[in-house]
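A short worksheet on the structure shown next.
Laboratory data are not the source of any read-out in this text; all were calculated from the coordinates shown. None of the values given here were measured: they were computed from a predicted structure. Please note: Cβ atoms are built from the backbone with ideal geometry, for glycine as well, and neighbour counts cover all protein chains shown.
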Amino acid sequence: MLKVENLYKTFAKNKPDEKNIFNGLNFCAKAGEFITIIGGNGAGKSTLMNIIAGQTLPDKGKVYIDGSDITYTPQHKRAKAIGRVFQDPLKGTAPALTVEENLAMAMLKNSPKNLKFAIGQKISDQMKQKLSCLNLGLQDRLKSKVGLLSGGQRQALTLLMATIAEPKVLLLDEPTSALDPKSQDNILELIEKISNNSTMITLMITHNMEHATRLGTRTIMIKSGKIQMDISGSHRKNMNPNF
């Protein structure tokens, strides 16, 4: 379970450009839930993900995963439990390394600290099997530099890397907004496929209302520092939120 409890966050406090983001935000998500997150610009959607990931600290409040308080756990330590895909396809991968090397780094997330990773035939075959599920031909490009891939291919690879170590929470920060329509459809299909076959909690930020209601099991809207709407089931299809 993911639990966010009484969260407060203000940027540039006591300055002319002070920005109050959260005023006691609370929500819980249980294993297997796929929650789409909507809200106007500046509502705090990405800030919420940054706090869960450990990139930003709250002014007040707690974040728990499976009952453990991770509010002040360093980002690199909570990374074993959290996978993340950003809006920019250039983030999340190392462009100078090969597809094989990038996947190896992702697979090492849950390995003992000093374990060296040897890419033998067995590991290589596992990588090819995982990559073949992307339907992009990347299983035949293990030795290719990631910097040579298209935006859609890189985002698909990032999604695979974020989930290959089976995290407890997957954070998707507008993962398709920088892609062409065909690549968008491919990434959304992959997200659905991965989430439907996993017990991880998935949180996805989107400005696309069709995506917000079609994908996942639940939709929340953040407004005025709190969750103003929380809808599950068939009611999501008819919602008409006013951001």
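Table for the structure above
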| read-out | value |
| --- | --- |
| Karplus (6.51, -1.76, 1.60) ³J(HN,Hα), θ = phi - 60°, over region 204-215, in Hz, Gly and Pro reported as x | 10, 7, 8, 9, 8, 5, 5, 5, 4, 9, 7, 8 |
| Length gained when the stretch Leu97-Asp59 is fully extended (0.36 nm per residue, less Cα-Cα span) | 9.9 nm |
| Nitroxide proxy distance, nm - points 7 Å out along Cα→Cβ at Asn208 and Ala12 | 3.2 nm |
| Gln87-Gln126 pseudo-label distance in nm [points 7 Å out on the Cα-to-Cβ vector] | 3.5 nm |
| Distribution of pairwise C-alpha distances over region 187-243, 10 Å bins, in % | 20, 55, 23, 2 |
| Mean projection area, nm², convex hull over Cα of region 50-157 | 8.2 nm² |
| Extension gain (nm, one decimal) between Asp69 and Ser234, 0.36 nm per residue minus Cα-Cα | 56.1 nm |
| Counting all C-alpha pairs of the chain, share separated by more than 34 Å (%) | 17 percent |
| Antiparallel bridges, percent of DSSP beta bridges restricted to the chain (to nearest 5) | 55 percent |
| Relative compactness, region 94-164, computed as alpha-carbon Rg over 2.2 N^0.38 Å | 1.04 |
| Folded to 0 to 90 degrees: helix 151-163 orientation relative to the chain principal axis, Cα | 80 degrees |
| Peptide ranges 73-83, 151-161, 200-210, 183-193 listed from the most packed, as the mean C-beta count within 10 angstrom indicates | 151-161, 200-210, 183-193, 73-83 |
